[in-house]
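Notes to accompany the following structure.
Values quoted throughout were computed directly from the atomic coordinates according to the rules given, and no laboratory measurement underlies them. Please read all numbers here as calculations on a predicted model, not as lab measurements. Note that we place each Cβ from the backbone using ideal geometry, even for glycine, and neighbour counts take in every protein chain shown.
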C-alpha cells in the first residue's frame with residue numbers, strides 16, 4: 001500500500017485504537033498490542049508499511065517524548081537517591097551488551 005504520511009499515520013493510529021482495548025480485555029498490556037499491530041501491518045503481515053524507514057522519524061520522536069515524560073516524573077531529589085542503581089545498572093547494561101555483541105561479531 002503506497003500512501004502519504006497522513007494516511008499512514010491514520011492507519012497506524014487506528015490500529016492502535018483497535019488493538020489496545022482488545023489486548024486490555026485479555027489482561028495484556030498496551031505495549032504488546034502496539035508490537036503485534038506493528039507486526040501485522042509490517043512487510044511480513046498485510047504490508048501496509050513496506051519500508052520501515054518511512055516511520056523511523058516518528059519512532060525517534062516517540063522515544064524522545066517517552067524520555068521527556070519520564071523526565072517530568074523524576075524529581076532531582078529522587079534521581080539523587082536512585083543514582084547508584086540507575087547509573088550502576090546503566091553501566092552494567094552497556095558493558096554486558098558490548099561484550100555480547102563483541103562476542104557475536
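Scanning the stretch 79-93 for residues that are under 26 Å from residue 31 (Cα atoms) and exposed (fewer than 10 other Cβ atoms within 10 Å of the Cβ) turns up just one, 85.
Of all the residues in the stretch 71-86, those that are within 22 Å of the chain's Cα centre (by Cα) and assigned to a helix (DSSP H, G or I) number 4. Residue check: is residue 48 part of a helix (DSSP H, G or I), surrounded by 10 or more Cβ atoms within 10 Å (Cβ to Cβ) and more than 17 Å from the chain's Cα centre (by Cα)? When the stated conditions are applied, residue 48 does not pass them.
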